[in-house]
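Working notes for the structure below.
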Amino acid sequence: MKTTLKLTLSLACAVTLVAGAAAQTMRINGAGATFPYPIYSKWFSEYNKIHSSVEINYQSIGSGGGIQQVTKQTVFFGASDGPMTPEQMQGAPGKILHFPTVLGAVVPVYNIPNVSAELHFSGPLLADMFLGKITKWNDPAIARLNAGVSLPASDITVAHRADGSGTTYIWVDYLSKVSPEWKSKVGVATSVNWPTGVGGRGNEGVSALVRQTPGAIGYVELIYALQNKIAYGSVQNTGGEFVKASVSSVTAAAAEAAGKMPPDFRVSITNAPGKGVYPISSFTWLLLYENAKDKAQAKTMVDFMNWALTEGQKYCADLGYAPLPEAVVKLEMAALAKIKIS
Amino acid sequence: MPKSRSRSDFLFRIGTGTFGVLLVVLVCAIGVVLARQSVLSVQKFGMNFWRTEIWDPVAGEFGALPFIWGTLYSSVLALLIATPIALGIAVFISELCPAVLRQPLVFITELLAAIPSIVYGLWGIFVLVPAVRAVETSLPDAMRQLPLFSGAPLGLGMLSAALILAIMVIPFISSISREVLKSVPAAQREGAYALGATRFEAIRAALFYARTGIVGAVMLGFGRALGETMAVTMVIGNNPKVSVSLFAPQYTMAAVIANEFAEAADDLYLSALVETGLVLFIITLIINSLSRLLIWSMARRATAAQEPGVAAEGAS
């Protein structure tokens, strides 16, 4: 009886030991923005194919949630579509570094019966429409930018996101840069007090609203518009060109910004100057502690980031993201070296 | 033998008793957590939170009136639509329906309750909203002048929300009403017939006899409508403005919490959202208590009036 017990116990110990040895798998948890989720999960699974011992788990709970969880250190890294505010940075127990991973853009989508031409918009025009100041499609302000298109006298219905979202952040960040009135009346956040319009949940909610409501205008992520083949308008940049959002016009916006990139990468590139630049573009960031408690995890993440910012960028185009320009990657490599890994 | 039986009885009582107490503890715990996490917002806004209409995350100003209004208005409208239909279904199934049809009908009404609310929401966006828009646009201009039908005919808005909520609560009200009608003693109906009542009058007597249970069923539907989130947010238009217009896009408490909680990063904003949850909790509590009170007082009057009297009164 006793020997059996001993045997069982030692067997159990052995099993635990073996399991322990095999479980040298490095598991890292992260949480945050939903917008980069498709490329992040692609990266994590591709990286796991090369480094089978690294398992990175990412929950797309939203930028706000990601910032909160990384601040409370319930996850190792966070991800956000908007840079952390100075107050949020102060609330964290250690210094958090921002690393741009890919680029996204937001595009205006609309539904005007019997108008198939691609419309031109300018920043102030979009702001006035979303402020509820321009209420008819045949308003002279719209007609001026769209000579040759016969626009109906129908009402404009504004559709916006009802859920808090990084997409909204990019959109209103742009509007407040081009319209002082938007800046003072509404402001910038992941959800705002909309002066007019109806709210849909998610990109799919907004696009369903726009598709079904004659006279509607809304905004969705470029990826969403591309994947679902939704027509969208072009937007006038600071140089006066009307640019249609595309992978290359978005990367161009970031390349312009690389020249005066602040060392912490917390920069908005909406309304960026330069030729061929699409003005409603933005980075999305991964958030890491400079001096994390777990140095082994920190080292693994730095290795992963080195891969994602170089090799990993090739997966962007297929998924509809704009890759980072070379100049930004170089700056980030230098910043990655600052993370303490021992 | 008797000893062991009394022991198992005792254990059984302890076991089930624990579950009962657990439920009470759970509800209290939810209340406490909601109250604690909303302290910041309660201190800052006080009663103004219930009274003001501005919801501005950028400026940090929060008033829940549009959400409270939207929740109550949509739920009441939904009940106004659903109650007669659900009662009709219940009466038909329990009193008039041919036996062959009964089981399939019961099955189908209960199936409605099993459909996930996101499916209702999608159906709402793609089928119901365009249909409602068509009805709204075809309304004569004279009627559009009325406050009840003012605003742009978007399809999206209070009317769509009320309709989808009505469809969602019908199975609850009709299933329970049916069970209640089934439990009306046969003597009630026989008595009515014996007094020369027509079929309609006999059914009316049965309905009257079952009225406390039916009120309970309606209140259960009300509770369900108050808390419904996903389907409502997909069709209501999510615009926090108080309006009596059925065409106006509005917003509900459950919807704003679901929509904004994930991205709410600063403390006051989070606290305001939690307080919205607390308000919903309190309103649900009040409504449930009132309905208990109503049922209780109806039941007391019924016993006081004595049953034969009730049947005669109902059949007359």
Inset, instruction - Identify, from the list A:Asn138, A:Asn203, A:Asn193, the residue that is away from chain B (no Cβ under 14 Å) and either among the polar types (S, T, N, Q) or in a helix (DSSP H, G or I) (or both). - result: A:Asn138
Legend entry - Only one of A:Ser191, A:Ser234 that is among the small types (Gly, Ala, Ser) and over 29 Å from B:Phe62 (Cβ atoms): A:Ser234
Inset, instruction - May I ask you to list the residues in the range A:209-243 that are under 21 Å from the mean Cα position of the chain (by Cα), among the hydrophobic types (A, V, I, L, M, F, W, C) and surrounded by 20 or more Cβ atoms within 10 Å (Cβ to Cβ)? - result: A:Val220, A:Leu222, A:Ile223, A:Ala225, A:Val235, A:Val243
Inset, instruction - Quick one: count up the residues across the range B:31-59 that are within 14 Å of another protein chain (Cβ to nearest Cβ), free of Cβ contacts under 8 Å to residues at least 24 places away in the same chain and farther than 21 Å from B:Ser243 by Cα. - result: 2
Inset, instruction - Would you mind finding the one in A:Ala105, A:Ala143 that is part of a helix (DSSP H, G or I) and small (Gly, Ala, Ser)? - result: A:Ala143
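Please tell me if B:Ala258 is of a type outside the set (Ser, Thr, Tyr), surrounded by 20 or more Cβ atoms within 10 Å (Cβ to Cβ) and modelled with pLDDT of 90 or more. Quick ask: steps written out before the conclusion?
Values: of a type outside the set (Ser, Thr, Tyr): yes; surrounded by 20 or more Cβ atoms within 10 Å (Cβ to Cβ): no; modelled with pLDDT of 90 or more: yes.
So B:Ala258 does not fit the description; no.
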Inset, instruction - Just one of (1) away from every other protein chain (no Cβ under 11 Å); (2) surrounded by 24 or more Cβ atoms within 10 Å (Cβ to Cβ); (3) assigned to a loop (DSSP other than H, G, I, E, B) trips up B:Ser245, so point out which. - result: (2)
Inset, instruction - Return the total of residues in the range A:147-176 being at pLDDT below 95 and away from every other protein chain (no Cβ under 14 Å). - result: 7
Inset, instruction - Please give the number of the condition A:Trp182 fails out of (1) more than 9 Å from chain B (Cβ to nearest Cβ); (2) hydrophobic (A, V, I, L, M, F, W, C); (3) open to solvent by 10 Å² or more (accessible area, probe 1.4 Å); (4) closer than 17 Å to A:Lys133 by Cβ. - result: (3)
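When the residues of the range A:116-135 are filtered to those that are within 14 Å of another protein chain (Cβ to nearest Cβ) and open to solvent by less than 60 Å² (accessible area, probe 1.4 Å), which remaining residue is nearest to the chain's Cα centre (by Cα)? Break it down stepwise before answering.
Taking the range A:116-135 and keeping what is within 14 Å of another protein chain (Cβ to nearest Cβ), we get A:130, A:132, A:135.
Retained after the next criterion (residues that are open to solvent by less than 60 Å² (accessible area, probe 1.4 Å)): A:130, A:132.
On the way: A:Phe130: 22, A:Gly132: 27 Å.
Per the stated criteria, the residue is A:Phe130.
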Inset, instruction - Might you let me know whether the range B:145-152 holds any residue that is free of Cβ contacts under 8 Å to residues at least 12 places away in the same chain and out of contact with any Pro (no Cβ under 8 Å at 6 or more places or on another chain)? - result: yes
Inset, instruction - Output the number of residues of the range B:106-156 satisfying the condition of being open to solvent by less than 20 Å² (accessible area, probe 1.4 Å), among the small types (Gly, Ala, Ser) and under 14 Å from B:Phe247 (Cβ atoms). - result: 1
Legend entry - Among (1) in contact (Cβ under 8 Å) with a residue 12 or more places away in the chain; (2) more than 26 Å from A:Met305 (Cα to Cα); (3) surrounded by fewer than 21 Cβ atoms within 10 Å (Cβ to Cβ) - the single one A:Lys95 does not satisfy: (2)
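Open to solvent by less than 70 Å² (accessible area, probe 1.4 Å) and assigned to a helix (DSSP H, G or I): is that true of B:Leu159 in this structure? So that I can check it myself, show each step before the final result.
Details: open to solvent by less than 70 Å² (accessible area, probe 1.4 Å): yes; assigned to a helix (DSSP H, G or I): yes.
Yes: the conditions hold for B:Leu159.
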Legend entry - Only listed residue being aromatic (Phe, Trp, Tyr), in a helix (DSSP H, G or I), in contact with a helix residue (DSSP H, G or I) (Cβ under 9 Å, 6 or more places away or on another chain) and in the same structural domain as A:Gly233 (by TED's automatic domain parsing), chosen from A:Tyr110, A:Tyr169: A:Tyr169
Legend entry - Qualifying position, being touching a residue at least 12 places away in the same chain (Cβ under 8 Å) and either of a type in the set (Ser, Thr, Tyr) or open to solvent by 50 Å² or more (accessible area, probe 1.4 Å) (or both), among B:Leu77, B:Leu101, B:Leu65: B:Leu65
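Which one of B:Leu181, B:Leu220, B:Leu195, B:Leu207 is over 30 Å from B:Leu278 (Cα atoms) and surrounded by fewer than 19 Cβ atoms within 10 Å (Cβ to Cβ)?
On the way: B:Leu181 fails: surrounded by fewer than 19 Cβ atoms within 10 Å (Cβ to Cβ); B:Leu220 fails: over 30 Å from B:Leu278 (Cα atoms); B:Leu207 fails: surrounded by fewer than 19 Cβ atoms within 10 Å (Cβ to Cβ).
The match here is B:Leu195.
One line per residue, one yes/no per condition, for (1) within 25 Å of A:Gly104 (Cβ to Cβ); (2) of a type in the set (Gly, Ala, Ser); (3) assigned by TED's automatic domain parsing to the domain that holds A:Phe76:
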{"position": "A:Ala31", "(1), (2), (3)": "yes, yes, yes"}
{"position": "A:Thr34", "(1), (2), (3)": "yes, no, yes"}
{"position": "A:Pro38", "(1), (2), (3)": "yes, no, yes"}
{"position": "A:Ser41", "(1), (2), (3)": "yes, yes, yes"}
{"position": "A:Phe44", "(1), (2), (3)": "yes, no, yes"}
{"position": "A:Lys49", "(1), (2), (3)": "no, no, yes"}
{"position": "A:Ser52", "(1), (2), (3)": "no, yes, yes"}
{"position": "A:Glu55", "(1), (2), (3)": "no, no, yes"}
{"position": "A:Ser60", "(1), (2), (3)": "yes, yes, yes"}
Legend entry - Tabulated pairs, the range A:42-63, first over 19 Å from A:Gly78 (Cα atoms) and away from every other protein chain (no Cβ under 14 Å), second β-branched (Val, Ile, Thr) and exposed (fewer than 14 other Cβ atoms within 10 Å of the Cβ), C-beta under 7 angstrom, 6+ apart or interchain: A:Ser53/A:Thr25
Legend entry - Of all residues making up the range A:79-102, the number that are in a strand (DSSP E or B) and either at the interface with chain B (Cβ under 9 Å from one of its Cβ atoms) or small (Gly, Ala, Ser) (or both): 2
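Determine whether B:Leu139 is more than 14 Å from chain A (Cβ to nearest Cβ) and not small (Gly, Ala, Ser).
On the way: more than 14 Å from chain A (Cβ to nearest Cβ): yes; not small (Gly, Ala, Ser): yes.
For B:Leu139, the condition - more than 14 Å from chain A (Cβ to nearest Cβ) and not small (Gly, Ala, Ser) - is met.
Among the listed residues A:Ala255, A:Ala308, A:Ala334, A:Ala298, identify the single one that is touching a residue at least 24 places away in the same chain (Cβ under 8 Å), open to solvent by 10 Å² or more (accessible area, probe 1.4 Å), of a type in the set (Gly, Ala, Ser) and assigned to a helix (DSSP H, G or I).
Details: A:Ala308 fails: open to solvent by 10 Å² or more (accessible area, probe 1.4 Å); A:Ala334 fails: touching a residue at least 24 places away in the same chain (Cβ under 8 Å); A:Ala298 fails: open to solvent by 10 Å² or more (accessible area, probe 1.4 Å).
Selected residue: A:Ala255, the only one of A:Ala255, A:Ala308, A:Ala334, A:Ala298 that is touching a residue at least 24 places away in the same chain (Cβ under 8 Å), open to solvent by 10 Å² or more (accessible area, probe 1.4 Å), of a type in the set (Gly, Ala, Ser) and assigned to a helix (DSSP H, G or I).
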Inset, instruction - Take the range A:60-78 and flag every residue that is outside any loop (DSSP other than H, G, I, E, B) and not polar (S, T, N, Q). - result: A:Gly64, A:Gly65, A:Gly66, A:Ile67, A:Val70, A:Phe77, A:Gly78
Legend entry - Odd one out for A:Ala21 among (1) modelled with pLDDT under 95; (2) assigned by TED's automatic domain parsing to the domain that holds A:Lys295; (3) among the hydrophobic types (A, V, I, L, M, F, W, C): (2)
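The values are calculated or read from the model by the stated rules, or taken from the named source; none is laboratory data. No experiment lies behind these values; they were computed from the predicted model shown. Glycine also receives a Cβ, built like all others from the backbone with ideal geometry; neighbour counts cover every protein chain displayed. Just the protein is used for accessible areas: all its heavy atoms, side chains included, with ligands, DNA and RNA removed. Shrake-Rupley method; radii C 1.70, N 1.55, O 1.52, S 1.80 Å.
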